[in-house]
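One structure is given below, encoded as structure tokens.
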Amino acid sequence: MVRYMDNSSLPHEIPNWINGKEVPAQQAESFSKLNPANGKLLCRVARSRAVDVRMAVEAAKQAQPMWAETPAVKRGDFLYELALGLREHAGEVARIVALETGKSYKEALGETNGAIALGFFFAGEGQRLYGKTTTSGAVNKYAMTIRQPLGVAGLIIAANTPIANVAWKVFPALICGNSAVLKAAEDTPGTAWIFAKIAHQAGLPPGVLNVVQGFGEEAGAPLVTDPDVDVISFTGSTTVGRRIAVAAGERLAKVSLELGGKNPLVVCDDADLENAAKWVLLSAFSNAGQRCAAGSRIIVFDSIYGRFRQMLIDRTRLLRVGPADDDDFGPVINEEQLTNMLAVVDGARARGAVLLTGGHRMTDPDHCDGFYMSPTIIENVAPDDEISTSELFGPITCLYRVKDFDEALSLANNSLYGLTACIHTRNIHRAVQFTQKVQAGVAVVNAGTYGSEPHMPFGGLKQSGNGSREPGTEALDVYSDLKDVYIVVDPTEL
């Protein structure tokens, strides 16, 4: 029987955090947040507008000089205390993540622990905000570079892994000496709220981190166009990312975009098929397929196609769907997303695709009130079909048959996206060639298309981003500028 959690960890209405205080929307508007596991009202959320964003940006602007003057090592101490606070309240944070997303508490706690690990990593970077010293071509001249903060960082996140997404942006932005305005995902407002609450309890100065709730067009867009926002970091769809790039480009604001993916997972004829099947299911269906790094294009060698296809069908039909710890994945985040993906599946079938399993909304008594999509596998899909080219963000994957390695690599690269990719093979030559030639920001051998670690850079090619990388130490390049410093000495004054 599907079990549901109560919502005692959340306030009745989730406010903004501005200048260290909980603040309702200035126009006293709010919207409903539903629990995707059962469709019930979870809470109300402040519906912010441009005036709320301006207040948050102004608070961040006022706080930033003091924060920038704080030595980086001391900033790291603040972030270390925040990470400790997250660890102390990990259970509460995980309960909120589970309530808002419908994923199990176990999965939410794992995500929370990942955010904590990232916090500790970036706290330590306060001791390592390296520039460099080098030689000059002139006599009695010395050259070096130093890192400097940009100012106010505008952070816009997605709802799929909410506490991880908050941590990925807030920690590197703050360690570099920026203040921040975080536009929370409208589907996971409580996660951003509890993060800000813990941050202020940990002693973070008021105004250094501000959180604005609301919808993208009403709160996110004003944040992007605000002239006092110096850098914008966005995780979300390619469509929205393009709009942000255009708006930010009008005023030459720095932008980091981590966008969508249609990630290939290649299964060669020499692969360990049991291991490959395990990782295909995890890549395609864990977190209800709501990963930019989800494995949505499974490319299989012809000689093993029939056997491997049956393995996937059999294992997929055994998956448990629901919000409990013994379930394999939960609902998608909202009904609109569920409706959209069902329409794409229906369209593919109308064009000749073959549905192997799933393909429908789950309407049995345990699932009928939530936003549950059955785990879905489809074959006989053209590489240029909508379902092959559009990121669906749900538990849907497609199988493609190829004759050999060259055809597999070609099909893997035949995509508008280039975020992650994986190959399963026992052949070291295939593995190396794939990792070198696949057009992706992340390449994996004999595992899944997801699973990047906090200290490693993440991002993609083509329409998966604009070339920036977060997190890892490469995120410091997003949130800081390099300044050249030259010192000329006069030998006669020695």
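The values are calculated or read from the model by the stated rules, or taken from the named source; none is laboratory data. Just so we're clear, the structure is a prediction, and the values are computed from it rather than from any experiment. Positions of Cβ are backbone-derived with ideal geometry, glycine not excepted, and every protein chain shown enters the neighbour counts. We work out accessible area using only protein heavy atoms, side chains counted, and drop any ligands, DNA or RNA first. Shrake-Rupley method; radii C 1.70, N 1.55, O 1.52, S 1.80 Å.
Quick notes on this one:
- Against the chain, whose longest principal axis is taken from its Cα atoms, helix 105-124 shows a tilt of about 30°.
- Beta bridges per DSSP, both residues in segment 1-155: antiparallel share near 85 percent.
- Binned Cα-Cα distance frequencies in segment 344-385 - 10 Å width, integer %: 29, 44, 23, 5
- Fraction of antiparallel bridges per DSSP, the chain only, in percent to nearest 5: 40 percent
- Convex hull volume of segment 238-323 per residue (C-alpha atoms, cubic angstrom): 131 Å³
- Contact order normalised by residue count of segment 242-336, Cα under 8 Å, 6+ apart, percent: 26 percent
- Rounded tilt (10° steps) of 273-285 against the dominant C-alpha axis of the chain: 60 degrees
- Folded to 0 to 90 degrees: helix 90-101 orientation relative to the chain principal axis, Cα: 50 degrees
- Per residue, the chain exposes 41 Å² of solvent-accessible protein surface, assessed with a 1.4 angstrom probe and all protein chains in place.
- When the convex hull of its Cα atoms is projected in every direction, mean area for segment 307-465 (nm²): 10.9 nm²
- The accessible surface of segment 81-141, taken with every protein chain in place and a 1.4 Å probe, is 49 percent carbon and sulfur.
- Scaled against 2.2 N^0.38 Å for its residue count N, the alpha carbon radius of gyration of the chain is 1.01.
- Selected from ALA382, ALA219, PHE78, residue furthest toward positive end of dipole (the chain; charges at beta carbon): ALA382
- Computed P(r) (all Cα pairs; segment 27-72; 5 Å bins; percent): 5, 18, 13, 13, 11, 12, 11, 10, 5, 1
- Put a plus charge on the Cβ of each Lys and Arg, a minus charge on the Cβ of each Asp and Glu, and nothing anywhere else: the dipole of segment 306-416 about its Cα centre is then about 500 debye.
- Annotation: amide H of LEU182 within the under-5 Å range of LEU155, ASN210, VAL211, VAL212, sequence separation 5 or more or interchain, hydrogens built in the peptide plane.
- Lysine pairs in segment 92-221 whose alpha-carbon atoms fall under 23 angstrom of each other, counting only those eight or more residues apart or on distinct chains, come to 8.
- Projecting the Cα positions of PRO206, GLY241, THR134 onto the charge dipole of the chain (unit charges on Cβ atoms of Lys, Arg, Asp and Glu, taken about the Cα centre) puts THR134 furthest along the positive direction.
- When +1 charges are put on Lys and Arg Cβ atoms and -1 charges on Asp and Glu Cβ atoms, the dipole computed for the chain relative to its Cα centre reaches about 340 debye.
- Three semi-axes of the equivalent ellipsoid, segment 1-146, Cα gyration tensor, whole Å, largest first: 40, 23, 12
- Length-normalised contact order of segment 343-494 in % [C-alpha pairs under 8 Å, at least 6 apart]: 14 percent
- Taking the chain and dividing mean pair separation by its residue count, relative contact order in percent (alpha carbons under 8 Å, at least six apart): 19 percent
- Stokes-Einstein D for segment 125-281, Kirkwood Rh over Cα pairs, 37 °C, 0.692 mPa s (µm²/s): 180 µm²/s
- Each part reduced to its alpha carbon centroid, segment 442-494 and segment 158-221 end up 22 Å apart.
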